[in-house]
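Notes to accompany the following structure.
Please treat every number below as a calculation from the coordinates, not as lab data. Note that the structure is a prediction, hence the values are computed from the model and not measured. Positions of Cβ are generated from backbone atoms using ideal geometry, with glycine treated the same way; all protein chains shown enter the neighbour counts.
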Amino acid sequence: MIERTYSRTKPAIDLPKGTIDTQMHAYVPGFPALPGGPGLPPEPLPTPSDYEKTMEWLGIDRVVVTQGNAHQFDNSCLLACLQAFGNKAKGVAVVTGQTTDDEMERLSAAGIVGARIMDLPGGAVGLDRLEEVDERAAAFGWMVAIQFDGSHILDHFDRLAALKSRWVLDHHGKFFAGVTPDSSQVDAVKRLIDKGKTWFKFAGCYESSRSGGPDYADIGAMARELAAYAPERIVWGTNWPHNAAKRTEDYPDDAALLQTVLGWFPDDRARHLALVENPEALFGFERV
């Protein structure tokens with residue numbers, strides 16, 4: 001059991017109208033965890049209605065729901081969540097090169113706009129299937145969300161640069177070995193952004209920070225560099241419900257975490273881009 005909080009102090013910076021959370025998971029009862037994944041998050045199950053409390057608390061208007069690793073290749077729980085959220089939500093699903101046109105069309109009609117690559121333990125589809133997933137995504141106008149240990153981004157640079165789809169590097173790049181603003185890995189991110197199809201996601205800084213909270217200074221230094229370099233290519237997400245937290249005392253204060261991350265942008269214009277305009281372009285939301 002874990003106690004999630006939804007009503008602490010609001011962030012000092014008000015989120016702009018139309019704010020989109022581009023990284024979260026939600027679950028509904030009746031969809032058990034499947035072999036190969038990490039299992040469901042701690043009880044009570046974090047449902048769409050629970051997340052809507054976070055939306056109201058923080059000032060979030062729209063959301064991208066990402067397929068949870070617990071459900072591997074079965075997108076049924078994701079589709080149930082999208083139905084519960086209604087037209088304020090879009091989804092990122094798990095597909096492969098063998099996913100049929102009929103299934104891609106069914107997923108698209110339900111609000112799916114992206115495919116997930118998760119090349120870390122528990123992920124359903126890794127970088128070994130990057131090109132086939134990209135082919136499916138490009139054929140249907142989807143984006144691709146890619147997560148791996150960014151410490152090795154130079155090893156994958158040419159493949160990432162050749163992607164046909166719009167794509168986002170997830171979770172602050174997950175540079176587990178650590179980076180500084182002048183690291184070759186950060187330079188690689190800049191060069192990928194310059195090619196015109198790459199976005200960078202601020203989400204889950206606690207998962208790869210080596211310096212730790214509450215400031216996450218190492219992630220913050222790298223994030224400030226990229227936010228200043230390409231404010232038109234940054235998106236943001238809560239990473240709710242923080243599945244890495246297994247105990248109540250480890251569960252982050254979403255408002256405090258948001259306040260920290262918002263401080264990494266150079267100005268209000270860059271924040272508006274990251275929270276509203278950039279995710280509209282990447283995920284195909286209507287303009288507000």
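Give me the residue from region 150-183 that is exposed (fewer than 15 other Cβ atoms within 10 Å of the Cβ) and among the charged types (D, E, K, R) and, out of that set, farthest from the chain's Cα centre (by Cα).
182
Restricting to region 249-288, give me the number of residues that are farther than 18 Å from residue 10 by Cα and β-branched (Val, Ile, Thr).
Matching residues across region 249-288 total 2.
Quick check: anything in region 224-232 outside any helix (DSSP H, G or I), under 15 Å from the mean Cα position of the chain (by Cα) and either farther than 29 Å from residue 111 by Cα or of a type in the set (Gly, Ala, Ser) (or both)? Give the derivation first.
First, the residues of region 224-232 that are outside any helix (DSSP H, G or I): 230.
If we keep only those that are under 15 Å from the mean Cα position of the chain (by Cα) too, we end up with none.
No, region 224-232 contains no residue that is outside any helix (DSSP H, G or I), under 15 Å from the mean Cα position of the chain (by Cα) and either farther than 29 Å from residue 111 by Cα or of a type in the set (Gly, Ala, Ser) (or both).
Hey, can you tell me all the residues within region 184-199 that are buried (at least 17 other Cβ atoms within 10 Å of the Cβ) and over 11 Å from residue 157 (Cα atoms)?
Here is the first cut: in region 184-199, the residues buried (at least 17 other Cβ atoms within 10 Å of the Cβ) are 185-186, 188-189, 192-193, 197-199.
Once the filter is applied, which keeps residues that are buried (at least 17 other Cβ atoms within 10 Å of the Cβ) and over 11 Å from residue 157 (Cα atoms), region 184-199 yields 186, 193, 197, 198, 199.
Taking region 13-54, which residues are part of a helix (DSSP H, G or I) and either among the basic types (Lys, Arg) or surrounded by 22 or more Cβ atoms within 10 Å (Cβ to Cβ) (or both)?
First, pick out the residues of region 13-54 that are part of a helix (DSSP H, G or I): 48-54.
Those that are part of a helix (DSSP H, G or I) and either among the basic types (Lys, Arg) or surrounded by 22 or more Cβ atoms within 10 Å (Cβ to Cβ) (or both): 51, 53, 54.
Quick one: residue 63 ticks every box in (1) assigned to a loop (DSSP other than H, G, I, E, B); (2) under 16 Å from the mean Cα position of the chain (by Cα) except a single one, so which number is it?
So residue 63 meets the others, but not (1).
State which residue is farthest from residue 140 (Cα to Cα) when the search covers only region 99-117 and only residues that are in contact (Cβ under 8 Å) with a residue 24 or more places away in the chain and either among the polar types (S, T, N, Q) or in contact with an Asp or Glu (Cβ under 7 Å, 6 or more places away or on another chain) (or both).
Here the answer is 99.
If a residue has to be surrounded by fewer than 22 Cβ atoms within 10 Å (Cβ to Cβ) and not in a helix (DSSP H, G or I) to count, how many in region 94-107 make the cut?
Here the count works out to 5.
Check residue 91 against each of (1) touching a residue at least 40 places away in the same chain (Cβ under 8 Å); (2) among the small types (Gly, Ala, Ser); (3) assigned to a strand (DSSP E or B) and name the one condition it does not meet.
If we test residue 91 against (1) touching a residue at least 40 places away in the same chain (Cβ under 8 Å); (2) among the small types (Gly, Ala, Ser); (3) assigned to a strand (DSSP E or B), just (1) comes out false.
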